[in-house]
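The values are calculated or read from the model by the stated rules, or taken from the named source; none is laboratory data. As the structure is a prediction and not an experimental result, all values here were calculated from the model. Please note: Cβ atoms are built from the backbone with ideal geometry, for glycine as well, and neighbour counts cover all protein chains shown. Ligands, DNA and RNA are stripped out before the accessible areas are found, and what is left, the full protein with its side chains, is counted by its heavy atoms. Shrake-Rupley method; radii C 1.70, N 1.55, O 1.52, S 1.80 Å.
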Amino acid sequence: MKTDNALSPIQEFPDYFASEEGEVYSMKPITRNAKPPTEPRLLKKYLVSKKGTQYFGVHLCRNGKVFNKRISVLMLETFISPRPRGMYACHGIKGSLVDTLDNLRWQTPKQNTADTYRDGTICRGERNGMTKLTKLKVLKIKERLAKKELQCLIAKTYNISPSTISDIYRKKSWGWL
């Protein structure tokens, strides 16, 4: 169990504390009629997948209302500063599932996107859950485009829109291949 010295209070949520190791603790009673715990109780994390990225969150209560909070944001707001305007809570090279203070920082959206390229976690191509195409299919489409086949015929073959074929041709999508 963590000692009180290793925990810092979470400003917006009385009775909750965070550790630099990325853990969140509560001193709230489990039920309304229960006594408050004598030691901080470790909260369970839950996994969230959003736009191809996974991260951890916790449920915190204030004034009878439950809030879903990203652990990375709680860590930075507790130990570094309130969120600067326009900044994101970003993870370092240890990945988005490591919420230790040494793996977190405030960054601009542009810097955050650069991190996804650095880490190989950019949600493009086959990693995008909405795509109908694979790398192999796109390479075949590019071969057909090089042979000057009609885009509408290629689109019918793959059951996709002609605008998708046009985007591939103009390197607006799948341009890294």
message: Using DSSP H assignments, which helices in the chain have an axial alpha-carbon span of 27 Å or above and a mean Kyte-Doolittle hydropathy of 1.0 or higher?
response: none
query: Ignoring any ligand, DNA or RNA, what whole percent of the accessible area of segment 10-150 comes from carbon and sulfur when the probe is 1.4 angstrom?
result: 54 percent
task: Highest first, please rank the peptides 27-36, 141-150 by the mean number of other Cβ atoms sitting within 10 Å of their residues.
output: 141-150, 27-36
Residues whose placed amide H lies under 5 Å from that of R105, excluding near-sequence neighbours: C90
message: Give me the 1.4 Å probe accessible area per residue for segment 77-177, excluding ligands and nucleic acids, in Å².
response: 67 Å²
query: If you count, for each residue, the other Cβ atoms within 10 Å and average over each peptide, how do 66-72, 96-102, 125-131 line up from highest to lowest?
result: 96-102, 66-72, 125-131
statement: Note to self, the chain gives a 222 nm [θ] from helices alone (DSSP H runs n ≥ 4, -39500 (n - 2.57) apiece, / all residues, nearest 500) of -8000 deg cm²/dmol
- line: Scoring only Lys, Arg, Asp and Glu (+1, +1, -1, -1) among other residues with Cβ under 9 Å from the Cβ of H91 yields -1
message: From Cα pairs below 8 angstrom and at least 6 apart in sequence, can you work out the relative contact order of the chain, rounded to a whole percent?
response: 13 percent
field: Computed over the chain, Cα set: Rg, Dmax in Å
entry: 23.1, 76
